[in-house]
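Chemist: This is the structure I want to talk about, given as structure tokens.
The values are calculated or read from the model by the stated rules, or taken from the named source; none is laboratory data. Note that this is a predicted model, so its numbers are computed, not measured. Cβ coordinates were reconstructed from backbone atoms using ideal geometry, including for glycine residues, and neighbour counts include every protein chain displayed. What goes into the accessible areas is simple: the full protein's heavy atoms, side chains included, and nothing from ligands, DNA or RNA. Shrake-Rupley method; radii C 1.70, N 1.55, O 1.52, S 1.80 Å.
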Amino acid sequence: MGNQVDLEHRTREQLFQELDDLRHRIAELEAAETERNQVEQALRQSEKQFRIIADFTHDWEYWIDPAGNYIYVSPSCERITGYSADDFLAAPHLLEKIIHPQDRTAFAQHTCKESKQNAELSTEFRIITSTGETRWIHHVCQPVYDDGSEAGRRASNRASPSAFRQKRRCANAPSNWRPATRSWPHLPTRWPTI
């Protein structure tokens with residue numbers, strides 16, 4: 001009988017120990033759940049902040065993978081081109097199609113150069129918007145990496161301001177053109193329309 005009491009007594013002690021172990025494990029799980037919820041909330045906040053920064057940038061930003069497919073296109077592309085981000089995501093070659101025909105060769109050379117160089121590059125070209133307007137674009141791109149592996153290229157396109165286009169027009173003006181102010185100093189300088 002004494003052995004039976006000892007067995008019952010040890011079984012109760014073991015049950016209490018197991019109960020204590022379970023309570024401790026439950027507390028650990030609850031703490032882990034709380035930490036996981038905090039991490040998820042911080043991640044959601046970080047994603048929200050990133051999305052606000054990316055989606056409300058003034059310039060048209062995009063990221064293409066090494067195969068040339070868009071991973072991200074900022075909504076500002078619509079303000080600049082008339083085409084939505086979804087249009088670009090659905091048609092990876094839309095940019096090449098809207099580049100002014102006279103600038104396509106130069107842009108193709110830029111694209112070839114960017115694929116061979118591991119550096120930031122820039123160029124300027126014209127696009128034809130969805131409404132038929134011609135716009136100058138200043139384009140800057142650079143390679144992007146994820147843990148040392150190539151992840152494509154990131155680009156920023158900005159509609160060139162009118163002053164920049166005027167400067168370009170003057171640089172391309174005929175050599176015999178001169179501002180009216182050289183002959184008549186009281187008149188303002190006039191820029192040719194080319």
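Chemist: Tell me the volume per residue, in Å³, of the convex hull enclosing the alpha carbons of the stretch 1-156. Display every interim value, and only then the final one.
Modeler: On the way: hull volume 25.4 nm³, N = 156.
It comes to 163 Å³ per residue, whole-number rounded.
Chemist: By accessible area of protein heavy atoms, probe 1.4 Å, what ranking do Ser74, Ser122 get, highest first? Please list the in-between numbers first.
Modeler: Numbers: Ser74 0, Ser122 75 Å².
Reading off the accessible areas and sorting them downward yields Ser122, Ser74.
Chemist: Same structure again: Nothing charged except the Cβ atoms of Lys and Arg (+1) and of Asp and Glu (-1): what's the magnitude of the dipole of the stretch 64-111 about its Cα centre? Round to the nearest 20 debye.
Modeler: That gives a dipole near 120 debye.
Chemist: In whole Hz, with x marking every Gly and Pro, tabulate ³J(HN,Hα) for the stretch 24-34 from phi via Karplus 6.51 cos²θ - 1.76 cosθ + 1.60, θ = phi - 60°.
Modeler: 5, 5, 4, 4, 4, 5, 5, 5, 5, 5, 4
Chemist: Calculate the spin-label point distance for Ala106 paired with Ser156, positioning each point 7 Å from the Cα along the beta-carbon direction, and give it in nanometres.
Modeler: 2.1
Chemist: Moving on to the next point. Would you work out which of Tyr70, Gly82, Thr105 lies farthest towards the positive end of the dipole of the stretch 69-116, given +1 charges on the beta-carbon of Lys and Arg and -1 on that of Asp and Glu, about the Cα centre?
Modeler: Highest projection toward the positive end goes to Thr105.
Chemist: With r defined as the distance between the Cβ atoms of Leu29 and Gln49 and R0 fixed at 30 Å, what FRET efficiency is calculated, to the nearest 0.05?
Modeler: The computed FRET efficiency comes out at 0.50.
Chemist: With just the Cα atoms defining each centre, how far is the stretch 76-108 from the stretch 41-72? Give it in Å.
Modeler: 18
Chemist: Based on the alpha-carbon gyration tensor of the stretch 58-146 and its eigenvalue square roots a ≥ b ≥ c, which shape applies: rounded if a/c is under 1.5, prolate if not and a/b is larger than b/c, or oblate?
Modeler: oblate
Chemist: Near Leu19, within a Cβ-to-Cβ distance under 11 Å, what is the net charge of the other residues, with Lys and Arg +1 and Asp and Glu -1?
Modeler: -1
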